[in-house]
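Input: a single structure, listed below in structure tokens.
The values are calculated or read from the model by the stated rules, or taken from the named source; none is laboratory data. If you're wondering where the values come from, they're calculated on a predicted model, not measured in any experiment. Cβ placement follows ideal geometry from the backbone for every residue including glycine, while neighbour counts extend to all protein chains displayed. The accessibility values were calculated without ligands, DNA or RNA, using every heavy atom of the protein model including side chains. Shrake-Rupley method; radii C 1.70, N 1.55, O 1.52, S 1.80 Å.
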Amino acid sequence: MKPKLNASNAVAALLCAALVLLPVYSAATGNIFILTLFTRIAIYALAAASLNLIMGYGGMMSFGHAAYLGIGGYAVGILATEGIGSGFIQWPVALAASALFALLIGALSLRTRGVYFIMITLAFAQMAYYVASALSRYGGDDGLTVYKRSDFAGLINLSDRTQFYYLCLGCLFGGLYLIWRIVNSRFGLVVQGVRSNEQRMQAIGFPAYRYRLVCFVIAGTICGLAGALLANNTDFVSPAVMYWTRSGDLMVMVILGGMGSLFGPVVGAIVYLLLEELLSQFTEYSGLILGPVLLLIVLFARGGIMGLLGRMSRG
């Protein structure tokens, strides 16, 4: 499929170039903070993109998606605490644990619809939150410190800010490419068809439940990768990362950037986290300003920022 040249694609291309060149700017200006900030943005953008796969393309409004961030992070942290520091072990375990949890949630929640689906996903995420809070051996409510980052046998040094940033950026671009391939494949078209009219898709012979479940598991696995990156970025993992408010943050990023658009979650994560950081420098009540700003964007920019750019390019 050949991408069309329009405002939204131009902005996406410019943002990609800016993200790739950001370490050069950081080194030239000596501004280390901006590299640290955008490393965090890249991680959350990956998590938001995984949510967009099920919410934007699949019509599954999960309110417990942040649980996979915590599961991926705790898999890295627990293994590191037990003396297993190899990333070749930690990261596959993080992905497998996230996939299994997504399979469990999806197998039950996808049998429901609407608000019931939202509440079941929220309930499972809160269960994961309380289980993590009860793990006294691994910090409990206080969280778990990761004293040593994942080791990849010298292939990449995660303690180096630039190398770690490019790893996060590579995972983000790889995740977006995977989502693009899924969305434009036969499988992805069936998932989108189920979102539009499930009864009709079932009538022509497609097992809607299985397609949605596989999509749900893929999204959870990608988010688990973001969790592994987050634990290495902060050298710490806490039950708070699984709390329902963090799932709400991911949903806001998706809706703000443009639900159902490939690069929308990335734009949403950048705008949301930059606004949050900027406003926190002026007032401790930044949420009172950030909330109305986001509300205005959602109300008057149908389809999010990427949707607004698309309409501008058309007319």
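Some observations on this one:
- With a Förster radius of 25 Å applied to the beta-carbon distance between C16 and S286, the computed FRET efficiency rounds to 0.30.
- For the pair E276 and F33, the difference between a 0.36 nm per residue extended length and the Cα-Cα distance amounts to 86.0 nm.
- Each peptide among 128-138, 288-298, 226-236, 98-108 gets the average number of other Cβ atoms lying within 10 Å of its residues, and from highest to lowest they stand as 226-236, 98-108, 128-138, 288-298.
- Of the peptides 215-222, 57-64, the ranking by mean beta-carbon count within 10 Å, highest at the top, reads 215-222, 57-64.
- Where the chain is the region considered: accessible area per residue in Å², 1.4 Å probe: 48 Å²
- As a rough guide to protection, the peptides 34-44, 153-163, 178-188, 70-80 ranked by mean Cβ packing within 10 Å, highest first, stand as 70-80, 34-44, 178-188, 153-163.
- Accessible-area composition of region 34-190, carbon plus sulfur, in percent [1.4 Å probe]: 66 percent
- Working value for region 1-77: equivalent-ellipsoid semi-axes of 27, 23, 8 Å, each the square root of 5 times a Cα gyration tensor eigenvalue, largest first.
- Region 97-169 and region 64-89 have Cα centres separated by 7 Å.
- Contour excess over end-to-end distance, with Cα ends at Y147 and R311 and 0.36 nm allotted per residue: 54.2 nm
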